[in-house]
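Reading through the structure tokens given below for one structure.
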Amino acid sequence: MAKAHIKRPNGTSIIVEGTPREVAELVKKIEGETPSKRRKRPNTHEKTNNKTKVTLPDLLISLVDGGFFKKPKELAAVKTALAELGHVYPITTISPALLRLVRRKHLRRIKQDKRWFYTG
């Protein structure tokens, strides 16, 4: 009975026992197999999509940089401007994002006639 001990590059160890012909066939199959022929397991930690997602704060900053807030604007006007750019958000989502920009000093908030206006 023939015996073969094969050590793979990845550290696995294979012991094959059988007739000389069987051992030769198995050794030939195992040694001929390369890692590139195997199906690669997808890594869940790698990014599969290289596109960056556009966030609401990024859109609002782009409006600030574009001069949209040179004159005071109401919340509804901000919603309309975002919708014109193709980004539809409810007012209940836009309001806290604008407030965060006010706190970070990107915008100012002014109260006129019981309404809040945002300006740059």
Q. Just from its helices, what would the mean residue ellipticity at 222 nm be for the chain, if runs of 4 or more DSSP H residues each count -39500 (n - 2.57) and the sum is divided by every residue, rounded to the nearest 500 deg cm²/dmol?
A. -12000 deg cm²/dmol
Q: Write down, largest first, the equivalent ellipsoid semi-axes of the range 56-119 in whole Å, where each equals the square root of 5 times an eigenvalue of the alpha-carbon gyration tensor.
A: 16, 13, 12
(Q) Sort 79, 114 by Cβ crowding within 10 Å, fewest neighbours at the top. (A) 114, 79
**Q.** Neighbourhood net charge (15 Å Cβ-Cβ; Lys/Arg +1, Asp/Glu -1) for residue 78
**A.** +4
Q: For the chain, set up a Gaussian network in which alpha carbons nearer than 10 Å are linked by springs, and say which option among 26, 98, 60 fluctuates the most.
A: 26
(Q) I want the local charge near residue 104. Using Cβ-Cβ distances under 15 Å, sum +1 for each Lys or Arg and -1 for each Asp or Glu among the other residues. (A) +3
Q.
With an 8 Å Cα cut-off and a minimum separation of 6 or more residues, compute the relative contact order for the chain in percent.
A. 19 percent
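No lab work stands behind these numbers, since they all come straight from the coordinates. No experiment lies behind these values; they were computed from the predicted model shown. No Cβ is skipped: glycine too gets one built from the backbone with ideal geometry, and neighbour counts run over all protein chains shown.
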